[in-house]
Amino acid sequence: MIGRINHVGVATPSIAEAVKLYRDVLGATEFTEPRTLAEFGVTVVFVTLPNAQVELLEPYGDTSVIADFLAKNPRGGQHHLCFEVEDIYAARDELVGKGATVLNEPRIGAHGTPVIFVHPRDMGGVLVELMQTPKDA
Ligand code: CO
């Protein structure tokens, strides 16, 4: 059911610091402009690599989806893995049918297509994001 890895989500207390790391230490050259997704309580920058992206997530506002994670991991860390699927509703129904806990109704994510998150307890300890493949990809 899952397709390619779209991105790896990395939570950080400071996108500016994280961008420095990926640019100056790791040598990445392609970054998106910072964008705030108020509904998720995050500001994101994507680092574009040849085969996938890294999503840098900084908390925004009082009810960030990464607030608990950063409370436990103050310096930041790997937060989720995002796989592409062809049809987010079919994927959601299939996972629910197999007993997985889907955490949200499909909603528009950072790439403009619907996403869902699946609870880590059903995913081997990894928070999994499924994202409908963009039409122009
Ligand atoms: Co993501």
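Taken together, the residues in the stretch 15-35 that are surrounded by 13 or more Cβ atoms within 10 Å (Cβ to Cβ) and either assigned to a loop (DSSP other than H, G, I, E, B) or modelled with pLDDT under 95 (or both) amount to 3. Does the stretch 82-100 contain at least one residue that is away from the ligand (no atom under 16 Å from the Cβ), at pLDDT 95 or above and among the aromatic types (Phe, Trp, Tyr)? Yes: one or more hits. Scanning the stretch 39-52 for residues that are under 12 Å from Ala110 (Cβ atoms) and outside any strand (DSSP E or B) returns Glu39, Phe40.
Selection of the stretch 57-104 for residues being free of Cβ contacts under 8 Å to residues at least 60 places away in the same chain, of a type in the set (Gly, Ala, Ser) and either open to solvent by less than 30 Å² (accessible area, probe 1.4 Å) or closer than 21 Å to Pro34 by Cβ (or both) yields Gly61, Ser64, Ala67, Ala100.
In the stretch 105-126, of all residues being touching a Phe, Trp or Tyr at 6+ places or on another chain (Cβ under 9 Å) and open to solvent by 30 Å² or more (accessible area, probe 1.4 Å), the one that is nearest to the ligand (Cβ to nearest atom) corresponds to His111. In the set (1) at pLDDT 95 or above; (2) more than 10 Å from the ligand (Cβ to nearest atom); (3) under 17 Å from Val118 (Cα atoms), the condition left unmet by Met1 is number (1).
The values are calculated or read from the model by the stated rules, or taken from the named source; none is laboratory data. Because the structure is a prediction, the values reported are computed rather than measured. Neighbour counts run over all protein chains shown; Cβ positions are idealised from the backbone, glycine included. These accessible areas exclude ligands, DNA and RNA; they are computed on the full protein's heavy atoms, side chains included. Shrake-Rupley method; radii C 1.70, N 1.55, O 1.52, S 1.80 Å.
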